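The values are calculated or read from the model by the stated rules, or taken from the named source; none is laboratory data. Everything numeric in this text was worked out from a predicted model, so none of it was measured. With ideal geometry, Cβ positions are generated from the backbone for all residues, glycine too; neighbour counts draw on all protein chains shown.
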Amino acid sequence: MRFRRLMGVATAALMLVGGSLSSSLPAQQTSQPVAVISVAPLDASLQDTSYLLRACNVPEMGGLVTIMANTYTQGLDRSRPLGATVTLEGDTPSAIIFLPLTQREQFFGALAGMGIEPDDLGDGLFEIDANGQTIFAKDTGAWLFIAQTESALAQVPENPAEILGELPNRYNVAIRLNVQALPDELKNMATEQMRIGFERGLAEQQGQTEEEREAAREMGEASIEQIERMIADTERVIFGWAIDSDGQKTYMDAGAQFLPGSDLAAQADMAAKQTSNYTAFILPNESAKFRFSSMISDSDKPVAKNNLRNSVSQAEQQLDQSDMPDDAKAMLKELVQGLATIMEQTIDEGEFDGAGSFSVANDTLRVLIGGRIADGNALAQEFKDAVSKFPSGPDVPTVEFDYETYQGVTLHRATVPVKIADPAAKKVLGEKLLITIGTAAKQFMIGLDPEGDASVKTAIDRMQAAQNVPATPFEGVIQLEQILRYAQAVSPNSVLDNVIATISEYAGKDKIQVNGSVIERGGVYRLSLDEGVLRAIGAAAKSGGGGGGF
């Protein structure tokens with residue numbers, strides 16, 4: 001499942017839940033919570049929080065957090081999770097907080113220290129004046145439930161921890177949105193509001209031709225239909241944040257699970273069988289890398305094409321507004337249109353697979369990117385046609401096409417003069433760029449390397465030896481220490497001295513990672529920060545002192 005789709009599902013779900021908090025709907029009760037909030041047991045969370053604050057170079061904050069927690073959680077069982085649920089009662093959202101209880105009197109005594117003294121209404125029910133707002137609490141022995149109304153506490157679960165499921169074991173804090181618990185009226189209203197906003201925006205557009213307006217309308221309609229399908233097919237969305245002190249990192253997850261038998265569930269199951277030809281297409285000693293593999297369904301192809309056409313239109317508008325000669329504008333527009341045609345063909349084929357990386361090892365910038373494309377030979381021809389229209393002169397790139405065939409890949413090379421006055425940029429790019437372009441029937445690759453095509457050929461060898469490898473939908477890694485050292489070599493900065501000294505103590509723990517994985521009937525994307533990155537952030541903040549920074 002692609003990252004854009006998962007974020008679309010998450011955004012749509014948040015819009016729906018946000019709408020439920022302010023919308024008037026026909027009376028309809030949902031027994032299933034619309035949202036569930038989970039907080040891991042306090043003892044474990046405090047240990048994790050203390051680790052995180054130490055890692056961020058502010059250990060003194062850990063002591064303050066512990067003191068406050070010890071003061072205000074007296075009487076609570078810190079070995080059990082706590083949480084909250086949000087349900088809809090008619091047209092009114094109702095939130096219930098549940099706290100694991102050991103001694104109610106002790107907990108209420110801690111509240112009294114804040115000037116909050118509950119009134120005993122009998123039968124374990126209490127009324128609380130919290131800064132002018134009246135709330136209610138119910139003691140069931142093992143749990144204390146808190147709600148906005150007394151009626152909300154009439155029936156509470158015997159063990160609300162069961163509602164949380166595995167969330168407290170996986171995350172310090174998590175939110176689960178149950179999309180199907182939302183009333184149909186709310187779902188319809190949300191999509192109708194999107195449609196109204198789209199129509200309003202379309203009406204406000206000025207200077208569009210009828211053809212452009214119709215294209216925009218088609219794109220908008222396709223996008224709304226896609227969101228409607230996401231809402232209809234999505235069972236739940238989960239956001240979670242965890243501090244992994246054992247693994248020396250922290251991470252955030254965003255995931256979605258679709259209804260059994262739905263189209264999106266079928267697509268997620270297909271993604272579990274995804275393979276890639278580009279898992280080994282990478283520079284040695286890479287400083288950062290990414291790889292993606294996905295299939296695009298027939299129903300999503302119109303949206304993808306319309307998004308592509310919109311990008312092409314914007315690019316052409318930028319060209320029109322530039323001060324370059326008219327013949328150069330015409331040449332670039334023709335190239336953009338040709339590339340767009342090949343990309344549309346790739347969308348029609350419905351398969352995306354590719355990777356990229358860059359390296360700054362030995363203070364030398366190298367870049368490599370490549371992927372599957374519908375017609376690599378057509379791509380080469382588009383470049384040949386564009387280059388044939390280049391003017392002559394010392395500042396014009398020189399290109400040599402078809403200079404070698406390597407492992408079935410036709411290689412082309414370009415030398416591009418660099419005309420930049422900035423010394424730092426000049427140090428990065430040098431006097432000229434040496435670019436190698438590779439094309440094949442279903443492939444393209446581009447390499448930037450001041451030493452020529454060796455890195456591209458090595459990557460081709462690696463790729464040929466690792467075909468059809470099982471792969472996740474996406475992965476990306478940044479190795480921060482290498483990049484910081486390169487930045488310091490290019491443009492020295494006193495703040496970076498301290499940051500680099502700090503992060504160098506955490507060799508192998510300096511990564512920022514994004515990974516997409518497939519779960520049953522869905523997918524999860526994770527952003528992870530290693531301890532070395534956290535230490536570097538803390539060192540930069542302290543070194544900057546509010547006036548420096550980088």
**Request:** Identify, from the list 437, 483, 478, the residue that is in a strand (DSSP E or B) and closer than 28 Å to residue 241 by Cα.
**Result:** 478
**Prompt:** Tally time: how many residues in region 337-359 are within 25 Å of the chain's Cα centre (by Cα) and touching a residue at least 40 places away in the same chain (Cβ under 8 Å)?
**Reply:** 11
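Among the residues of region 172-187, how many are in a strand (DSSP E or B) and surrounded by fewer than 19 Cβ atoms within 10 Å (Cβ to Cβ)? Let's see the steps before the verdict.
Initial filter on region 172-187 (in a strand (DSSP E or B)): 173-178.
When the remaining residues are screened for being surrounded by fewer than 19 Cβ atoms within 10 Å (Cβ to Cβ), the result is 173.
Number of matching residues: 1.
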**Item:** Failed item, numbered, when residue 508 is tested on (1) over 26 Å from the mean Cα position of the chain (by Cα); (2) under 26 Å from residue 365 (Cβ atoms); (3) part of a loop (DSSP other than H, G, I, E, B)
**Value:** (1)
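Considering 477, 518, which residue is closer than 30 Å to residue 256 by Cβ, at pLDDT 95 or above and among the hydrophobic types (A, V, I, L, M, F, W, C)? Lay out the reasoning, then the answer.
Details: 518 fails: at pLDDT 95 or above.
Going through 477, 518 in turn, just one is closer than 30 Å to residue 256 by Cβ, at pLDDT 95 or above and among the hydrophobic types (A, V, I, L, M, F, W, C): 477.
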**Message:** Quick test of your reading of the structure: residue 169 fulfils all but one of (1) loosely packed, with under 15 Cβ neighbours inside 10 Å; (2) assigned to a helix (DSSP H, G or I); (3) over 24 Å from the mean Cα position of the chain (by Cα). Name the failing condition by number.
**Reply:** (3)
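Quick one: which strands (runs of 3 or more DSSP E) sit completely within region 188-299 and have at least 1 residues that are closer than 30 Å to residue 454 by Cβ and not aliphatic (A, V, I, L, M)? Step through it out loud before you land on a result.
Values: elements: 234-244, 249-258, 288-295.
In region 188-299, the matching strands (runs of 3 or more DSSP E) lie at 288-295.
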**Request:** Take region 285-326 and flag every residue that is farther than 30 Å from residue 459 by Cα, touching a residue at least 60 places away in the same chain (Cβ under 8 Å) and not hydrophobic (A, V, I, L, M, F, W, C).
**Result:** 299, 300, 302, 306, 307, 309, 310, 313
**Request:** Determine which single condition residue 417 fails, assuming it passes every other condition in (1) free of Cβ contacts under 8 Å to residues at least 60 places away in the same chain; (2) under 25 Å from residue 492 (Cα atoms).
**Result:** (2)
**Fill in**
Among 124, 132, the single one that is without any contact (Cβ under 8 Å) to a residue 12 or more places away in the chain and over 30 Å from residue 251 (Cα atoms) is 132
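Could you say whether any residue in region 121-139 is among the polar types (S, T, N, Q) and closer than 23 Å to residue 80 by Cα?
The initial filter retains those residues of region 121-139 that are among the polar types (S, T, N, Q), namely 131, 133-134.
If we keep only those that are closer than 23 Å to residue 80 by Cα too, we end up with none.
No - not one qualifying residue is present in region 121-139.
Of 383, 401, which residue is touching a His at 6+ places or on another chain (Cβ under 6 Å), farther than 23 Å from residue 292 by Cα and either of a type in the set (A, V, I, L, M, F, W, C) or buried (at least 16 other Cβ atoms within 10 Å of the Cβ) (or both)? Break it down into steps so the answer makes sense when it comes.
Details: 383 fails: touching a His at 6+ places or on another chain (Cβ under 6 Å).
Sole residue among the options that is touching a His at 6+ places or on another chain (Cβ under 6 Å), farther than 23 Å from residue 292 by Cα and either of a type in the set (A, V, I, L, M, F, W, C) or buried (at least 16 other Cβ atoms within 10 Å of the Cβ) (or both): 401.
Scan region 525-537 and tell me whether some residue there is of a type in the set (Lys, Arg), out of contact with any helix residue (DSSP H, G or I) (no Cβ under 9 Å at 6 or more places or on another chain) and farther than 16 Å from residue 59 by Cα. Give the derivation first.
First, the residues of region 525-537 that are of a type in the set (Lys, Arg): 526, 535.
Within this subset, residues satisfying the condition of being out of contact with any helix residue (DSSP H, G or I) (no Cβ under 9 Å at 6 or more places or on another chain) are 526.
When the remaining residues are screened for being farther than 16 Å from residue 59 by Cα, the result is 526.
Scanning region 525-537 turns up at least one residue that is of a type in the set (Lys, Arg), out of contact with any helix residue (DSSP H, G or I) (no Cβ under 9 Å at 6 or more places or on another chain) and farther than 16 Å from residue 59 by Cα.
Collect the residues in region 197-228 that are among the acidic types (Asp, Glu), modelled with pLDDT of 70 or more, more than 30 Å from residue 179 (Cα to Cα) and surrounded by 10 or more Cβ atoms within 10 Å (Cβ to Cβ), keeping them in residue-number order.
Looking only at region 197-228, we keep the residues that are among the acidic types (Asp, Glu), and these are 199, 204, 210-212, 214, 218, 221, 225, 228.
Still in the running and modelled with pLDDT of 70 or more: 199, 210-211, 214, 218, 221, 225, 228.
So of that shortlist, the ones also more than 30 Å from residue 179 (Cα to Cα) come out as 210-211, 214.
Result: 214, single match.
It is to be established whether one or more residues within region 44-61 are in a strand (DSSP E or B) and free of Cβ contacts under 8 Å to residues at least 12 places away in the same chain.
Restricting attention to region 44-61, the residues satisfying the condition of being in a strand (DSSP E or B) are none.
No, region 44-61 has no match at all.
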**Asked** Hey, among the residues in region 484-497 that are surrounded by fewer than 16 Cβ atoms within 10 Å (Cβ to Cβ) and touching a Ser or Thr at 6+ places or on another chain (Cβ under 9 Å), which one's farthest from residue 270 (Cα to Cα)?
**Response** 494
**Fill in**
Restricted to region 229-275 and to residues being hydroxyl-bearing (Ser, Thr, Tyr) and modelled with pLDDT of 95 or more, the residue nearest to residue 292 (Cα to Cα) is 251
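How about region 98-165: which strands (runs of 3 or more DSSP E) wholly inside it have at least 1 residues that are under 16 Å from residue 76 (Cβ atoms), among the hydrophobic types (A, V, I, L, M, F, W, C) and not assigned by TED's automatic domain parsing to the domain that holds residue 71? Steps first, answer last, please.
Details: elements: 119-122, 125-130, 133-139, 143-147.
The strands (runs of 3 or more DSSP E) meeting that bar number zero.
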**Complete:** Taking region 140-161 and keeping only residues that are buried (at least 19 other Cβ atoms within 10 Å of the Cβ) and out of contact with any Pro (no Cβ under 7 Å at 6 or more places or on another chain), one is left with 144, 145, 146, 147, 152, 153, 160
**Item:** In region 89-113, residue surrounded by the fewest Cβ atoms within 10 Å (Cβ to Cβ) [restricted to those that are closer than 17 Å to residue 69 by Cβ, touching a residue at least 40 places away in the same chain (Cβ under 8 Å) and within 40 Å of the chain's Cα centre (by Cα)]
**Value:** 97
